[in-house]
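The values are calculated or read from the model by the stated rules, or taken from the named source; none is laboratory data. All values derive from a computational prediction rather than experimental measurement. Counting neighbours? That spans all protein chains shown, and the Cβs are built from the backbone with ideal geometry, glycine included.
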Amino acid sequence: MHNTKKISWLVLVLSLLPAAALAQSTEAKLKKLLQGRLGNEQPVESVTKTPFGGLYEVKVGNELVYTDAEGKFVFIGHVFDTETSKDLTQAKLDELNKIKFSDLPLDLAAKSVKGNGKRVIAVFEDPNCGYCKRFRKSLVEIKDLTVYTFMYPVLGDDSLKKVKNLWCSADRAKAWDDWMLENKAAPNAPESCSTAAIDKVIELGKKYRVTGTPTIIFADGSRVPGAIDAKTLENKLAQIK
């Protein structure tokens with residue numbers, strides 16, 4: 001009887017192998033096919049079969065699209081669960097785009113501490129970004145928060161010039177707030193000041209696909225693109241344990 005059970009389980013496992021192998025083969029085939037059609041400028045990072053509608057989930061950069069088993073059609077949009085109203089696509093995107101907070105090179109950021117500073121965020125900001133200035137005003141209302149600001153000059157040469165001056169200030173965090181909140185420009189950077197950190201931040205932003213400012217990163221690794229108000233920020237911080 002004991003041997004019969006073993007044989008039954010072995011038959012069951014073997015019967016499942018072809019289906020699993022087929023799924024992997026289809027995913028690999030689709031990845032190669034879609035990459036050829038989309039071109040190298042849009043790297044296809046993964047293809048995964050979904051549990052709904054026979055669709056395959058395709059991760060392209062930091063976006064998700066869907067395709068059929070033959071890669072003939074691409075569906076752009078979000079999939080919702082009609083029973084729960086949950087945005088399944090957004091939930092998966094949030095998970096895929098998480099950043100491990102402890103992996104961030106915080107020595108490349110300007111650090112400011114409010115109150116006990118127990119709560120933490122990191123934010124990529126450009127000095128000429130209007131939405132960043134709006135978010136910076138929201139931060140004024142938040143207590144007990146440590147903010148790591150990555151100066152991320154992506155809006156042109158003037159942004160890069162401003163960042164160099166701000167980074168080379170004696171108190172970087174204060175200089176950043178003075179500019180973002182009061183339009184108080186930092187003095188010109190001395191020739192002796194190294195700006196190698198700025199290049200590293202730019203590369204860091206590319207690595208994490210930070211395509212807009214502000215981009216806010218929370219202690220749990222989740223990120224929020226764009227400015228949010230103080231109430232929304234407080235609610236988000238309260239959810240993080």
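Some values worked out for this structure:
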item	result
Identity of the residue in segment 100-118, within 14 Å of the chain's Cα centre (by Cα) and in a loop (DSSP other than H, G, I, E, B), that ends up nearest to I202 (Cα to Cα)	L104
Output for segment 98-126, where each listed residue is among the polar types (S, T, N, Q) and out of contact with any Ser or Thr (no Cβ under 8 Å at 6 or more places or on another chain)	S102, N116
Number of the exception - E70 against (1) more than 22 Å from R209 (Cα to Cα); (2) at pLDDT 95 or above	(2)
Segment 143-156, subset buried (at least 17 other Cβ atoms within 10 Å of the Cβ) and more than 18 Å from the chain's Cα centre (by Cα), residue farthest from W167 (Cα to Cα)	L145
Where K207 falls short, out of the listed (1) among the basic types (K, R); (2) closer than 20 Å to I121 by Cβ; (3) in contact (Cβ under 8 Å) with a residue 12 or more places away in the chain	(3)
Residues (at pLDDT below 90 and either surrounded by 10 or more Cβ atoms within 10 Å (Cβ to Cβ) or in contact with a helix residue (DSSP H, G or I) (Cβ under 8 Å, 6 or more places away or on another chain) (or both)) located in segment 73-86	V74, F75, G77, V79, D81
Residues that are of a type in the set (S, T, N, Q) and farther than 24 Å from I217 by Cα, drawn from segment 48-105	T48, T50, T67, T82, T84, S85
Pair list, Cβ under 7 Å, 6 or more apart: segment 37-51 residue in the same structural domain as F75 (by TED's automatic domain parsing), other residue in a loop (DSSP other than H, G, I, E, B) and surrounded by 11 or more Cβ atoms within 10 Å (Cβ to Cβ)	Q42/G61; P43/G61
